[in-house]
Structures are given as structure tokens and as C-alpha cells.
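The values are calculated or read from the model by the stated rules, or taken from the named source; none is laboratory data. Just so we're clear, the structure is a prediction, and the values are computed from it rather than from any experiment. Cβ placement follows ideal geometry from the backbone for every residue including glycine, while neighbour counts extend to all protein chains displayed.
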Amino acid sequence: MTKSFEILKRDVAGRIGKLSTPHGTVETPTVMPVINPNIQLVDPFKMKEMGAEILITNSYIIYRKEKLATKALNDGLHSLIGFDGPIMTDSGSFQLSVYGEVEVDNREIIEFQERIGSDIIVPLDIPTPPDVLKEQAEKELGITVDRLEEARKVLSKTNRLVAGPIQGSTYTDLRSEAATQATKIGFDVYPIGAVVPLMESYRYADLVDVIVSSKMGMNPNYPVHLFGAGHPMMFSLAVALGCDLFDSAAYALYAKDGRYITINGTYHLTNLKYLPCSCPICQNHTVEELKNDNDSTKLLAEHNLYVTFEEIRTIKQAIHEGNLLELVEMRCRSHPRLLDGLKRLYSYSSWLEQYDPVSKSTFFYCGPDSATRPEVLRYSTRLNRFNIVGKTLIRNPGLNLKTSGYDNIFDFKPPFGPYPTELSEVYPFNTELSENYDYEALTSALKNTLKIIENNPESEFTFVKTEDMSHPILEQIEDLACIIDYTDKRK
Ligand code: GUN
Ligand code: ZN
């Protein structure tokens, strides 16, 4: 069913992929600018120049307006929008979530999307908001699943892609169940729905729970769309968890409100004295011009899109190099609630570890959260693979210590702790970290040291203690190993 998606490169649970549609192939992760069929703020061809490979529009808005519907039915959706690349259509579920009801049923809007030539068709799912009673979430999920089944039947012969939205409110068990049911029916893309309220209120930790529980219910290689996610500051976090598609109405909604997107958050134009961006709009205008130009909204929308696509390229390059987590750690420092999202992501390190490549570029220790990265967890669970006999020295590789008389030399580097010196150039032991490493890194390193010593009673361990090691675990190590106290030698 997901024959249309091919994964080219991985990092964490993120990936660079290829999604094939009737109007061409799209490289993911990517963001689909939302097009309002009534008013086009930015020309779709201009969007293509900026980096847009696929657009999304709302089939319900077209369906409802006779003039638009007639043109779409006669000339096709691509002619109506003025874009020859892939176009995804939403179903009216968004209107359902805002107004409570829509004047169309599931079958009708699905058939309409197919007739106008949509590349990715979305059934009329029910976007259940966060925090509702579980009975409501279950009941609405039941209706959504029935509609997904109907969609699959109605579209049994289509050559279009069909999306199977995942609902379940903030209940992680329902999200997993929804994902399992949707993948059983079989779709080409799996959008995670009703997360806009979480993002609007900066509930990034809850958003991480929703994404991970949805992914856990499905084959993680299937393509996932995070519905309504348009602010580039959270893209890398979502990509690291395995989201491939985003859609942005934010670029236009923010522009209408005079808001200027940056990767670290949004400014109102009235608060901007300088333009920090180098896109063509910002190069060719002053703040005053942006504020007062007749086309101010359009210019701002274009800037917002430039920044959005710049971040997509930054993320793809990070996946290519294998340093996506370093990027996520930087991005999540732009808002305390995003930092909560990062911490929640690392609470799933044992899940992420299964998908994270075993070898990539240098591991940069970016602060205490890095001590809980999947690579660190992986090492601590693999320590029991060592079978050490004879005399073993665990030393700081930066010190010029005599190594004769030892059968095994282990280098000690936080957050990993001891590893065989032969592996010092090998990922992840080639870690770069500040000389003034933090308590969390030391804790993880000393825990691993203790584990290695306890696991190998046949070996006689000598541990080199340096002055930067003040930690309760050290006392336990001192009970089991000979200690070379390097703190005295420096005096
Ligand atoms: N747009 C934003 N959220 C949703 C959702 O949950 N479902 C659909 N169909 N569209 C959306
Ligand atoms: Zn700009």
C-alpha cells in the first residue's frame, strides 16, 4: 500500500524519502504550503522557486463554491490552482473542527476529490481535540475508522494516493490503536490529526507523545504527515520522530497578522528594527518598507515561506550528515516549552535507538539532555557484551600515563564512560564535548564504569580519578577498583 514511499537516508527516526504521486515525485521531509482557492497570496510558481514541491488545498472550499467547483470539475484541480506538480486536498474536516458540522458526507467529498484530480485524497475524519473525555475520543475514532474503510472501498480502483488520518485526542493508547487500524485498512500516507490545538498552546511534550504513540502503532517506515504543523521552529523535532510531511497555512495567516517568522520564533513587524534574514524580500526591503508597502502581506508571506523552506533544507542536510539530533537540540532551545518537547523525545530514546543508525558523523555533546541520547542508552545496554580478563586500566586519554603492565586499556570519556582505546576514533566514542563537562555526562559515564567493573569480576581494574570527578558513584568504584588519584599529581 505504501509502494509510493521509498526511504533514502535515515537519522534518528527521521529520514529523507521519496513520495511518488501522479503529478511527480516529492522529496521528504517537506512542507506543503496551504493554498486558499479563493485568494492566492503567493503565486504557486513562485512557491516552486522557493522550494515547494507539493501544495495542499481544501476540497471542501472548492466543492461549496459553484464557480470553483465547476472549473475544478471541467478543467481539473491543477488548472484551477495553476500548479502542475502534486496537490493534496483536505476534506473539510478542518471546518468540521472549527464549526462543528459540514454540509457534505464522506463518500461525496472523497468522490469529489477523485473527480477533480487530487494527488492525495483525504477522507472526512473527525478531528477530536485534546483532553476530551475518553468516551468521546473513542466514539469519534470509531466513526473516523468507519469512514477510512468507506474511503478505501470507494477508491478501490484509484491511481491517486489516499491518506488515512490518525485521531484519538491525547490518549496515547487510542493513537496507537488508530494507527494500527488505519494501516490494516491500508493507505499511502498517514496524517496525524487534531494536533493544531497542542501546537497553538505550545504543548510540545504532549505533541511528542501523540507522534510517538501513533508511530508505535504502525510500521515506522510508512510516510507520516503532521496535520496543520507550519511553524519551522518545530520541524526538526517532528522529523526526528519520523514525520515526513507538514502543511503550512502559518506563512499566510501570520503574514495577514503582520508577523515575521524566524527559526527561533515570530516577531510582529512593529517590534522589528532590523531584518535578520537574507532572503530576497529582506535583502530588497527595509523594515519600514515591509510595514508600509501596499503588498506588505504578500511580501511578508513570501519571506515566511523562504524561512520555512530554508529550514527544510537545513534538516535534510542534517539527516544527510547524521547530525539531526544536534540540530534538534539547538532548535529546542528557542522556547522553554520546546525544550520540554526535547526532553520528552529523549524519554523515548529506547524506541528511537532501534531506528537510529549505528554509525554517523561526530557526536556533539550539547548539554545535559545529550546524556540521554539514544546512542548513550545503546552503549549502556551493550556493556554486557564485554568479556574482560587480566589487568585493565581505565584512564583519561588526555593524560600521559604509563600503560605498560596492563592487558586492556580503556579510555574514559563522558557521557559514555570507558571504551576500548582502539575505538577512540569510532562513532560514537569520537564525541566532541566541552572540557568542563556537566554532572549528567559524568553520572552516565561513572554508572557505565561501575557496570563494566561489576560485570567482569575476573579482571583487576585500575581507575584514574581526575580532579573534575566529584560524584557519589565514585565511592562505589573506589570499593571495587585500584585508584590512581590524579588530583594530587597536578598539585
Ligand atoms: N487540518 C488540521 N488538522 C486536521 C485533521 O485532524 N484532519 C484533517 N482532515 N485536516 C486537518
Ligand atoms: Zn526574509
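Only one entry in 182, 178, 137 is without any contact (Cβ under 8 Å) to a residue 40 or more places away in the chain, within 12 Å of ligand 1 (Cβ to nearest atom) and out of contact with any Asp or Glu (no Cβ under 8 Å at 6 or more places or on another chain), namely 178. For region 245-258, the candidate set comprises residues that are farther than 25 Å from residue 329 by Cα and of a type outside the set (Ser, Thr, Tyr); within that set, the residue that is farthest from ligand 1 (Cβ to nearest atom) is 258.
Taking residues in region 1-29 that are on the phi < 0 side of the Ramachandran plot and surrounded by 24 or more Cβ atoms within 10 Å (Cβ to Cβ), and partners anywhere that are aromatic (Phe, Trp, Tyr) and assigned to a strand (DSSP E or B), the pairs with Cβ atoms closer than 9 Å and at least 6 places apart or on different chains are 19/5; 28/5; 29/246. A residue that is out of contact with any strand residue (DSSP E or B) (no Cβ under 9 Å at 6 or more places or on another chain), polar (S, T, N, Q) and under 23 Å from residue 364 (Cβ atoms) occurs nowhere in region 399-408. Which one of these is farther than 27 Å from residue 140 by Cα, within 16 Å of ligand 2 (Cβ to nearest atom) and surrounded by fewer than 24 Cβ atoms within 10 Å (Cβ to Cβ): 71, 46, 67? So the residue among 71, 46, 67 that is farther than 27 Å from residue 140 by Cα, within 16 Å of ligand 2 (Cβ to nearest atom) and surrounded by fewer than 24 Cβ atoms within 10 Å (Cβ to Cβ) is 46. Need the failing condition index for residue 450 against (1) under 19 Å from residue 467 (Cα atoms); (2) in contact (Cβ under 8 Å) with a residue 40 or more places away in the chain, just the number. Unmet for residue 450, out of (1) under 19 Å from residue 467 (Cα atoms); (2) in contact (Cβ under 8 Å) with a residue 40 or more places away in the chain: (2).
Kindly indicate whether any position in region 290-305 is under 16 Å from residue 30 (Cα atoms) and more than 16 Å from ligand 1 (Cβ to nearest atom). For region 290-305, residues under 16 Å from residue 30 (Cα atoms) and more than 16 Å from ligand 1 (Cβ to nearest atom): present. Considering every residue within region 245-262, establish whether at least one is more than 27 Å from residue 91 (Cα to Cα), at pLDDT 95 or above, buried (at least 20 other Cβ atoms within 10 Å of the Cβ) and of a type outside the set (D, E, K, R). Scanning region 245-262, I find at least one residue that is more than 27 Å from residue 91 (Cα to Cα), at pLDDT 95 or above, buried (at least 20 other Cβ atoms within 10 Å of the Cβ) and of a type outside the set (D, E, K, R), so the answer is yes. Residues in region 128-168 that are surrounded by fewer than 22 Cβ atoms within 10 Å (Cβ to Cβ) and outside any helix (DSSP H, G or I): 129, 130, 131, 132, 133, 155, 156, 157, 158, 159, 160. Would you please name the residue that is farthest from ligand 1 (Cβ to nearest atom), looking only at residues in region 58-95 that are of a type in the set (Val, Ile, Thr) and closer than 17 Å to residue 108 by Cα? So, considering only residues that are of a type in the set (Val, Ile, Thr) and closer than 17 Å to residue 108 by Cα, the one farthest from ligand 1 (Cβ to nearest atom) is 70. Picking from residues in region 306-331 that are of a type in the set (D, E, K, R) and over 27 Å from residue 55 (Cα atoms), the one that is nearest to ligand 1 (Cβ to nearest atom) is 329.
The residues of region 22-52 that are assigned to a strand (DSSP E or B) and out of contact with any Lys or Arg (no Cβ under 8 Å at 6 or more places or on another chain), listed by number, are 24, 30, 31, 32, 33, 34, 35.
Number of residues in region 267-319 that are small (Gly, Ala, Ser), within 15 Å of ligand 2 (Cβ to nearest atom) and buried (at least 18 other Cβ atoms within 10 Å of the Cβ): the value is 1. Applying the selection to region 67-102, what residues are of a type in the set (Asp, Glu) and at pLDDT below 95? Answer for region 67-102, where residues must be of a type in the set (Asp, Glu) and at pLDDT below 95: just 101. Does at least one position in region 174-193 carry a residue that is at pLDDT 95 or above, out of contact with any strand residue (DSSP E or B) (no Cβ under 7 Å at 6 or more places or on another chain) and crowded, with 24+ Cβ neighbours inside 10 Å? Looking for residues that are at pLDDT 95 or above, out of contact with any strand residue (DSSP E or B) (no Cβ under 7 Å at 6 or more places or on another chain) and crowded, with 24+ Cβ neighbours inside 10 Å, one finds none in region 174-193, hence no. When you look at residue 51, is it of a type outside the set (Asp, Glu), surrounded by fewer than 19 Cβ atoms within 10 Å (Cβ to Cβ), over 21 Å from residue 162 (Cα atoms) and within 16 Å of ligand 2 (Cβ to nearest atom), yes or no? When the stated conditions are applied, residue 51 passes them. In this structure, is residue 216 surrounded by fewer than 20 Cβ atoms within 10 Å (Cβ to Cβ), within 12 Å of ligand 1 (Cβ to nearest atom) and either at pLDDT 95 or above or over 26 Å from residue 316 (Cβ atoms) (or both)? Spelling it out, it is not the case that residue 216 is surrounded by fewer than 20 Cβ atoms within 10 Å (Cβ to Cβ), within 12 Å of ligand 1 (Cβ to nearest atom) and either at pLDDT 95 or above or over 26 Å from residue 316 (Cβ atoms) (or both).
Would you confirm whether any residue within region 219-231 is in contact with a helix residue (DSSP H, G or I) (Cβ under 8 Å, 6 or more places away or on another chain), away from ligand 1 (no atom under 15 Å from the Cβ) and among the β-branched types (Val, Ile, Thr)? No: zero hits. Tell me, yes or no, whether region 84-97 has at least one residue that is more than 23 Å from residue 226 (Cα to Cα) and more than 16 Å from ligand 2 (Cβ to nearest atom). Checked region 84-97: at least one residue is more than 23 Å from residue 226 (Cα to Cα) and more than 16 Å from ligand 2 (Cβ to nearest atom). The number of residues in region 273-289 being within 14 Å of residue 49 (Cβ to Cβ) and either in a helix (DSSP H, G or I) or within 16 Å of ligand 1 (Cβ to nearest atom) (or both) comes to 2.
In region 231-243, the count of residues that are modelled with pLDDT of 95 or more, farther than 13 Å from residue 312 by Cα, touching a Lys or Arg at 6+ places or on another chain (Cβ under 9 Å) and among the aromatic types (Phe, Trp, Tyr) is zero.
Taken together, 403, 421, 372 contain a single residue that is out of contact with any Asp or Glu (no Cβ under 7 Å at 6 or more places or on another chain), surrounded by 15 or more Cβ atoms within 10 Å (Cβ to Cβ), among the polar types (S, T, N, Q) and farther than 16 Å from residue 451 by Cβ, which is 372. Among the residues of region 458-482, the one identified as over 43 Å from the mean Cα position of the chain (by Cα) and at pLDDT below 95 is 458. Restricting 455, 448 to residues that are within 39 Å of the chain's Cα centre (by Cα) and surrounded by fewer than 16 Cβ atoms within 10 Å (Cβ to Cβ) narrows the list to 455.
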